[in-house]
Amino acid sequence: MATVRAEAVDTTISPRVSALRPSKTMAITDQATALRQAGVPVIGLAAGEPDFDTPTVIAEAGMNAIRDGATRYTPNAGTLELRKAICKKLQEENGLSYTPDQVLVSNGAKQCITQAVLAVCSPGDEVLTPAPYWVSYPEMARLAGATPVILPTSISDNYLLRPESLAPVINENSRILILCSPSNPTGSVYPKELLEEIAAIVRKYPRLLVLSDEIYEHIIYQPAKHTSFASLPGMWERTLTVNGFSKAFAMTGWRLGYLAAPKHFVSACGKIQSQYTSGASSISQKAGLAALNLGYAGGEAVSTMVKAFQERRDYLVRSFGELSGVKISEPQGAFYLFIDFSSYYGSEVEGFGTIKDSESLCMFLLEKAQVALVPGDAFGDDKGVRISYAAAMSTLETAMGKIKEAMALLRPPVAV
C-alpha cells in the first residue's frame, strides 16, 4: 500500500497580529510570579494593580447578584440601570451630558479603547500618541491597520504634551489623538489651561478625534484637578471618553469599563462588541452599580486608598531623590513613578555586564535587588523606568533598600 505523506500544517499568523508586541508589563509580572513560585523572593512593582481589596459593599453586591440569580446575559451595551448610573456620574462629576444610548459598558477599559480605535481608524490613518505612553496604545493602532505616531515629551515639562509639538505633526491622515490623564506611566495630570490649548489646535481639524483615557481620574493628589476633555467647548462631539472601575475601586479582576461618546461612535463600538464578547459580566455590572453608589468620586472608600497612595508616592520621591544621578517628575495622580535613570547607562557591573538601556537596568535590578520594574522602552521612553507604588508601604521600604544597595554598585558615568 502506498504511504500517504502528510502535508505540513500552515502555521502562518496574520501579519497584523505578527506585528503586535507582547505587553512588557504583563511579561515582567509573569516573570516575577514564576520566580516567586520557584522560591525567589522577588518584589513585584511592575503591575498597575491596586493592592487593596475591592471595598466590601461592592464585593457584597457582586455576591448578592450571584445569590439572586443575576447571572444571565445582559444587553450588549450593558444594563440600563448601570448605564443610567454612569450618565449620572458623568454629569455630576465631569460636567458631561450623555444619555444611556451614548454609553457602552465593556469587559474593562482596555476593550473600550481597542474597540474605539478599531471603529474609527482605517488603514493609513494615524494615531497620535504622546510618549511615555501606556504600552497598549501603539499596538491597538497597529491592530486596526493604523500607524502610531509617537510624540515625545520631556521630563522638564512633566511629560505633558506641548501644543507646539502637536501642531506640526497633524495632517489629513491624523484620526485620533490619545490623551491619558492622570497618566500611566508618568502620573502626570493635564491642567485645564493646557488642555484648552490642545483643544484649540484639535478644533482646526474636523477629522481628528480625541480618545480621552480617564481611568485614573479619582487617583489624584491636591492641588491637581481632573478635567474631562469632552467638557471643553466644542470637544464633546469629537471626544471618546473611556473610564472604568479597575483602578479607583480596586476592581481589576472584575473587568468592567465604559465608553461615553456621541451615539454613532458608540453604536459602531457596540457592533464590534456584539461579535467579539457580547456584554460584560452581569455580576460585575451589579458590583459596578454599587461602586457608583458610594458617593461623589467614590466616597470614603476611594479617598482612603488615595491617601495611602499619596503617602507612598511621597516616600518614594523622597527616597529616590537621595540617589545621585536620577531625575524625577513628581506624579500628580495614578500610582506610578517614571524615573529617569539614563545617567547610569554605560556603567559596567562586575558579574553582570554593561547597563546599556532601561531593559538591562531592569534586568540588573531583578537579578541583584530581586525587584521587578518595567523598562521605559516599553512606554516609548528608554531613559526611564516605571515603578508602581500600588503596594504596601512595608513592601516599598524593603524594595527601596534593595534598590539602593544594588545602585551603589553603579556609578553614573554621565554628568547630570
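The values are calculated or read from the model by the stated rules, or taken from the named source; none is laboratory data. Bear in mind that the values here come from a model prediction, so they are computed numbers and not experimental data. Cβ placement follows ideal geometry from the backbone for every residue including glycine, while neighbour counts extend to all protein chains displayed. Note: accessible area is taken over every heavy atom of the protein model, side chains too, but ligands, DNA and RNA are not part of it. Shrake-Rupley method; radii C 1.70, N 1.55, O 1.52, S 1.80 Å.
General observations
- Among A116, A268, A372: highest mean-square fluctuation, GNM of the chain, C-alpha pairs under 10 Å: A268
- Accessible-area composition of the range 296-363, carbon plus sulfur, in percent [1.4 Å probe]: 47 percent
- Tally of Lys pairs whose C-alpha atoms are under 30 Å apart, taken over the range 213-334, 8 or more apart or cross-chain: 15
- Within the chain, helix-based [θ] at 222 nm, where runs of 4 or more DSSP H residues each add -39,500 (n - 2.57), nearest 500: -11500 deg cm²/dmol
- Modelled FRET efficiency - R0 30 Å, F52 with E322, Cβ distances, 0.05 increments: 0.60
- Largest-first ordering by accessible area, 1.4 Å probe, given options H218, H264: H264, H218
- At R0 = 41 Å, FRET efficiency that the Cβ-Cβ distance of Q275 and A38 yields, to 0.05: 0.50
- DSSP loop GluC sites (Glu not before Pro) with at most 12 other Cβ within 10 Å: longest gap in the chain: 8-171
- Enclosed volume per residue, in Å³, of the convex hull spanned by Cα atoms of the range 278-408: 147 Å³
- I43 accessible area, assembled protein chains, probe 1.4 Å, Å²: 20 Å²
- Within-15-Å neighbourhood charge of L211 [Cβ basis; K, R +1; D, E -1]: -3
- Binning the alpha carbon pair distances of the chain at 10 angstrom intervals from zero yields the distribution 5, 21, 30, 26, 13, 4, 1, 0, 0, expressed in whole percent.
- The range 104-257, Rg to Rh (Cα coordinates; Rh as Kirkwood inverse mean 1/r): 0.93
- The chain: most fluctuating residue of L35, L361, L104 per GNM, C-alpha cutoff 10 Å: L35
- Extending 7 Å from Cα along the Cβ direction at Y73 and again at D10 yields two label points whose distance is 3.2 nm.
- Probe 1.4 Å, protein heavy atoms only - accessible area per residue of the range 207-351 in square angstrom: 37 Å²
- Student exercise, the range 344-416 dipole from Lys, Arg, Asp, Glu Cβ charges, in Debye to nearest 20: 180 debye
- Top of A141, A287, A200 by mean-square fluctuation, Gaussian network on the chain, Cα under 10 Å: A200
- Crossing angle, helix 393-407 versus the chain [Cα axis fit, 0-90 degrees, rounded to tens]: 40 degrees
- Accessible surface, 1.4 Å probe, highest first, among residues K88, K368, K24: K88, K368, K24
- Per residue Cα convex hull volume in Å³ - calculated over the range 80-135: 127 Å³
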